[in-house]
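Report on the following structure.
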Amino acid sequence: MRIFISGPSGVGKSTIIRELLKRNKDLILSVSYTTRPPRPREVDGKDYFFISRQAFKDMQQKQMFLECACVHDHLYGTSLPWVKTKEDQGFSVLFDIDVQGVMMVKKSSDIGCFIFIVPPSLEELSKRLQKRGTEASKDFTLRLKNATTELGYWENYDYIVVNDKLERAIDDAQSIINAYRCSRKQAIKGLKWLREIG
Ligand code: ADP
Ligand code: 5GP
């Protein structure tokens, strides 16, 4: 099962995902490759694989990315071998990727659950991004400017979760995952005996 989560920077994706990972032991977060410098407390191999532009281009040339995109002036990509390894181990994979990445994934296959997280308002988004305080002022302005463009992609998602009250937003995301797990196409994968009936 593949769950894709997108939304503008600062909307609360990481916060929601952290809780979903605690609640769903069969879920694992795809660790992306990026050329963005690490933030304080970010760990290489856990939050991201932090690599140079050259190393990223090499991976791109070897077609190692399920999808990749330039976001806020940095390159980000999902490693296909990494995802396949985790799926072979029995995990469902959660992806925190931007709108361009989702468009790229959907071009090759529409299989997956696509969730869009939106803020209650643009003002609130700006406050959250400021509160997090991880960006220099130039990057903060860029992220806020890009937010409006990103929000315009809402039509490409199956579900929209408004992250107003955090607990409710987490419950909404959890309900979507539960429903997707029970969807006919997903559920039947684990029911060989039922498939054999007809
Ligand atoms: P993203 O991963 O989408 O960039 P984060 O998860 O880092 O966003 O959240 C950005 C900031 O907003 C963090 O300081 C987080 O604690 C805060 N935050 C997340 N959800 C809410 C919410 N529902 N109400 C208020 N603050 C929130
Ligand atoms: P951040 O720098 O705040 O960690 O992430 C910035 C943006 O990049 C977020 O919107 C996040 O969803 C997106 N992102 C992270 N990893 C990937 C990836 O592998 N591919 C794509 N397309 N976007 C990613």
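We did not get these values from a lab; they are worked out from the coordinates using the rules stated. What you are looking at is a predicted structure, and each value in this text was computed from that prediction instead of being measured. In this analysis, Cβ positions are derived from the backbone assuming ideal geometry, glycine residues included, and neighbour counts consider all displayed protein chains.
Just to verify a result, which residue in region 63-107, among those that are assigned to a helix (DSSP H, G or I), of a type in the set (A, V, I, L, M, F, W, C) and under 23 Å from residue 144 (Cβ atoms), is nearest to ligand 1 (Cβ to nearest atom)?
The qualifying residue nearest to ligand 1 (Cβ to nearest atom) is 99.
Assess whether residue 38 counts as being assigned to a loop (DSSP other than H, G, I, E, B) and more than 11 Å from ligand 1 (Cβ to nearest atom).
So residue 38 fits the description; yes.
Kindly list the number of the only condition in (1) in a loop (DSSP other than H, G, I, E, B); (2) in contact with a strand residue (DSSP E or B) (Cβ under 9 Å, 6 or more places away or on another chain); (3) surrounded by 14 or more Cβ atoms within 10 Å (Cβ to Cβ) that fails for residue 135.
For residue 135, the exception is condition (2).
Yes or no: residue 20 within 27 Å of residue 113 (Cα to Cα) and within 11 Å of ligand 2 (Cβ to nearest atom)?
no
Looking for whichever is in a loop (DSSP other than H, G, I, E, B), away from ligand 2 (no atom under 14 Å from the Cβ) and surrounded by 11 or more Cβ atoms within 10 Å (Cβ to Cβ) here; the options are 111, 160, 170, 177. Which one fits?
It is 111.
If you check 147, 136, 169, which single one turns out to be of a type in the set (A, V, I, L, M) and without any contact (Cβ under 8 Å) to a residue 24 or more places away in the chain?
Just one listed residue meets the conditions, 136.
Against the condition in contact with a Lys or Arg (Cβ under 8 Å, 6 or more places away or on another chain) and in a strand (DSSP E or B), how does residue 49 come out, does it pass?
no
Suppose the filter is aromatic (Phe, Trp, Tyr), within 12 Å of ligand 2 (Cβ to nearest atom) and assigned to a strand (DSSP E or B); does residue 116 pass it?
Here the answer is yes, as residue 116 does meet what is asked.
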